[in-house]
Amino acid sequence: MNYILKSNSFQHLLFFKPIEVTRTQLLVNLHFYLYHQPILCATHFKARLENRSPASNSLNKFLLTQKWSTMATGQIFSRTTQALFYNYKQLPIQRMLDFDFLCGRETPSVAGIINPGSEGFQKLFFGQEEIAIPVHSTIEAACAAHPTADVFINFASFRSAAASSKLALKQPTIRVVAIIAEGVPESDTKELISYARLNNKVVIGPATVGGIQAGAFKIGDTAGTIDNIIQCKLYRPGSVGFVSKSGGMSNEMYNTIARVTDGIYEGIAIGGDVFPGSTLSDHVLRFNNIPQIKMIVVLGELGGRDEYSLVEALKSGKITKPVCAWVSGTCARLFKSEVQFGHAGAKSGGLMESAQAKNKALKEAGAVVPTSYEAFESAIKETFEKLSEEGKIAPVKEITPPQIPEDLNTAIKSGKVRAPTHIISTISDDRGEEPCYAGVPMSTIVEKGMGVGDVISLLWFKRSLPRYCTQFIEICVMLCADHGPCVSGAHNTIVTARAGKDLVSSLVSGLLTIGPRFGGAIDDAARYFKDAYDRKLTPYEFVEGMKKKGIRVPGIGHRIKRGDNRDKRVELLQLFARTHFPSTKYMEYAVEVETYTLSKANNLVMNVDGAIGTLFLDLLAGSGMFSKQEIDEIVSIGYLNGLFVLARSIGLIGHTFDQKRLKQPLYRHPWEDVLYTK
């Protein structure tokens, strides 16, 4: 059955135009209207619904018989309360755990973390010990794993906060949802509020810092740092219930209340959006039902009419405990036009929404309202002292909170401790506004048109080499990028790619073949040729000496090339060096050795490993930028093989892409190409 809503005031508040709604939609919207306009009652709606069809009788009956649920009364947190934390944020969670330890809780208040798409555990500190908090990928899984966790702390962005909050509210184990995000769409917030009310659940926020029960439980960043919590005596319960719209001002008020009373028992920041999930009066009514709370402090703000719900509750006698209240924003009258004060709901608006009108109404209803915010502290103090004199507040037993271990990073920054570093890095630095390679900013590299060879010179050799040196490096990379699909490295990569493995696996399988017999002889060639040249050995002495040791001369010999069919790559490298290098003494010595080895066999030609190895020796020695010790170290460490690894990676990646692009099947070697023997 549908109903036509025609009342101007009702449709303005909810729909902005006449609209046909179902019974369910009517329930949700009437419930929301009653919640935010408690001065009106259900009978007012009957007069505003002008549909005279037979359906109106059933509607009247519905309005009179519907039981409008209210927010949970009394205490919503305790020392055993546990929460599920949505969207992992390390600092707020650690602050919650530090508060737990400060209060002497036996169990952490964070039972689990929900991080969409991730599962596992997150390490955090509980006092001095590290604990592992389970991480779940879905809200349903987290609720099933932690059925005793009844608080849902939502740190999602304003775009996804509503959907995740509604899903949490639908879980039978969740009783309280705190929404931290600011700017959640108002239509989504209304839906959350109505759903929560109809299901007797509590929503704190949106746009809230959260809430705290002193000595028991706190939400996220509520009350700030541990130092502030200790200063405000929040590690043990006091006698004051506090509620405000502003999270920032709540921190200030915790401090104020601690100075002039025995501290708070519970504090809530309902959030600064136009439609908070729970109102000031909701929490004041709760506080009135908590025996440990002896007085109530309320800090409102201009904009909206939430405070009038509190006025009605005071007038009707629903609130029996002393209430000290102040509505901020009295300066708005100094402005000629409407003014927005930070929060979405803090707009000067009409007269009824002004701070002056609200303060006046609260005072007339029986609340203790000072003449200014500066006098608020004195009003709270006088009220507390009066209750103490009447014997309604027993002295709180002070306790000494335990010392919270300081985080290492914090202690280091403050200069309290010194700790050894675990890694030394000299080639790059990413701590500034842009990464630097060997002290050269990345922007400089780009602006000066430097190439890959220049970057290699900075990151490998920690200096800017002359252009002919970096150009030679680039030529080596280009010439060694690939040598066809038949060599061992490419073959391995192709077989791996055809087995369906990923890019990195295919690349690594090819790289693992690089060694003394394939591409990995550059360092050995440089090492042996340098030693022979520096000791002034003749080619005969060098070759025959290696033969006696049973060592092949690295850099000499090729499976395909011959003396009459030399490797074109070797010729190109030699031509470039003879044209640009100041000296080619090591290369020329290698040519003499090649002449001798060719006299023994036609395939003992200089290969690309020998050419690169000896020419790199000439580059290092001829540039004048390296000492003899540095050259020896470069050769010993394996820099030159690194050049081949870098270059050949380009080709191996290409072979991987090629096989996947061609959708080649799993490789199986043919039987006829295998010699089966005993």
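Read-outs throughout are calculated quantities, based only on the coordinates presented, and are distinct from any laboratory measurement. Note that this is a predicted model, so its numbers are computed, not measured. Cβ coordinates were reconstructed from backbone atoms using ideal geometry, including for glycine residues, and neighbour counts include every protein chain displayed.
Which whole-number percent is the relative contact order of the range 428-479 (Cα, under 8 Å, 6+ apart)? List each step's numbers first, then the result.
Values: 43 pairs, mean separation 13.3, N = 52.
Contact order relative to length: 26 percent.
For Lys547, which lysines qualify as cross-link partners when the Cα separation must be under 24 Å and same-chain residues fewer than eight apart are set aside?
By straight Cα distance, Lys547 reaches Lys530, Lys536, Lys561, Lys585, Lys600.
Going Cα to Cα from Lys381, which lysines come in below 18 Å? Please leave out same-chain ones fewer than 8 positions away.
Lys233, Lys294, Lys321, Lys363, Lys392
Select one label from (1) 12; (2) 43; (3) 22: the one whose number is percent of Cα pairs over 51 Å apart as derived from the coordinates shown.
(2)
Nearest 0.05, what FRET efficiency do Thr138 and Lys318 give at R0 = 30 Å with Cβ-Cβ as r? Let's see the in-between values first.
Values: r = 41 Å, r/R0 = 1.35.
Computed FRET efficiency for Thr138 and Lys318: 0.15.
Label-point separation (nm) for Thr595 and Ser78, each offset 7 Å from Cα along Cα-to-Cβ?
9.7 nm
In terms of Cα to Cα distance under 16 Å, which lysines are near enough to Lys360, apart from those fewer than 8 places away along the same chain?
Leaving aside lysines fewer than 8 places away in the same chain, those within reach of Lys360 are Lys315.
Determine the sum of side-chain charges near Met96: Lys and Arg each +1, Asp and Glu each -1, restricted to other residues whose C-beta is under 14 angstrom from that of Met96.
Net charge around Met96: +2.
Using the alpha-carbon atoms, what tilt in degrees (0 to 90, nearest 10) does helix 568-580 show relative to the longest principal axis of the chain?
90 degrees
Lys and Arg at +1, Asp and Glu at -1: add these up for the other residues within a Cβ distance under 9 Å of Ala490 and post the number.
Computed value for this residue: 0.
Count charges around Leu640 for me, please; just the other residues with Cβ under 10 Å from its Cβ, Lys/Arg as +1, Asp/Glu as -1.
-2
Cα centroids of the range 117-173 and the range 434-465: how far apart, whole angstrom?
Cα centroid of the range 117-173 versus Cα centroid of the range 434-465: 45 Å apart.
Order the peptides 276-288, 362-374, 599-611, 229-241 from the highest to the lowest mean number of other Cβ atoms within 10 Å of their residues.
276-288, 229-241, 599-611, 362-374
Quick one: 3J(HN,Hα) in Hz for the range 515-524, Karplus 6.51/-1.76/1.60 with θ = phi - 60°, rounded, Gly and Pro as x.
The phi angles translate into x, x, 9, 9, x, x, 9, 5, 4, 5 Hz.
If you take the beta carbon distance between Gln664 and Lys548 as r and set R0 to 51 Å, what does 1/(1 + (r/R0)^6) give as a FRET efficiency, to the nearest 0.05?
Calculated value: 0.60.
Below 8 Å, C-alpha to C-alpha, sequence gap of six or more: please give me the relative contact order for the range 399-557 in percent.
10 percent
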